[in-house]
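Have a look at the structure below, then the notes.
The values are calculated or read from the model by the stated rules, or taken from the named source; none is laboratory data. Here the structure is a predicted model, which is why all the values come from computation and not from measurement. Note that each Cβ is placed from the backbone with ideal geometry, even for glycine, and that neighbours are counted across all protein chains shown.
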Amino acid sequence: MAWKGGRESLRTSTAGAERRGFTLLELVVTLAVIALAAGLVLPRLGDARGLALGAAARRLADTLAYARDRAILGGRPMRLVLDLDRGRWELGTPARDPAAVIPDVSPLGRGTVLPAGIRLAAVTAGGTPAATRGIAALDLEPDGDALPARI
């Protein structure tokens, strides 16, 4: 055999050239990206309920602060009626019925309904036993006084 100055090309198999699919590396990278995204998103899902609870608590606190200011500035009592069964409250001036109000015209005076999954667990006012069902009313006097309450 004589040496020929050129190189012979190596033969390669063409049996798998037409197959299509993903390499192991591509699959591992894809799974890593999915795991990273899930790690960022899943912990935040539990916060949604906490955020709704915080927003409802702030709205109730704002309503009480507004009611106190309105009672003092208007020189007349205000009443906050809490419906524990329906998860809602309403603000206004006291009506003849101790569990009712004449609704206030402000946005905070309109009935407020709690988001789904959040409820008023209990209301205690002035040392009375905790109400866990039905209607509870908190009166705010024109001098700024109110019975100590826990909602």
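Miscellaneous remarks
- Which numbered condition residue 83 fails, given (1) loosely packed, with under 11 Cβ neighbours inside 10 Å; (2) under 24 Å from residue 53 (Cβ atoms); (3) acidic (Asp, Glu): (1)
- Candidate set from the range 100-144 (those that are touching a helix residue (DSSP H, G or I) at 6+ places or on another chain (Cβ under 9 Å) and loosely packed, with under 13 Cβ neighbours inside 10 Å); member that is farthest from residue 83 (Cα to Cα): 143
- Matching strands (runs of 3 or more DSSP E) fully within the range 86-151 where at least 3 residues are of a type in the set (A, V, I, L, M, F, W, C): 135-140
- Matching residues in the range 67-80 - criterion: being touching a residue at least 12 places away in the same chain (Cβ under 8 Å), in a helix (DSSP H, G or I) and either more than 13 Å from residue 108 (Cβ to Cβ) or touching a Gly at 6+ places or on another chain (Cβ under 8 Å) (or both): 68, 71, 72, 74
- Within the range 88-101, residues that are among the hydroxyl-bearing types (Ser, Thr, Tyr) have Cβ atoms under 7 Å from residues that are buried (at least 16 other Cβ atoms within 10 Å of the Cβ) in these pairs: 93/77; 93/78; 93/79; 93/101, counting only partners at least 6 apart in sequence or on another chain.
- Across the range 53-63, not a single residue is classified as surrounded by 10 or more Cβ atoms within 10 Å (Cβ to Cβ), in a loop (DSSP other than H, G, I, E, B) and either modelled with pLDDT under 80 or under 32 Å from the mean Cα position of the chain (by Cα) (or both).
- Matching option when the condition is more than 24 Å from residue 120 (Cα to Cα), modelled with pLDDT of 90 or more and among the charged types (D, E, K, R), among 76, 7: 76
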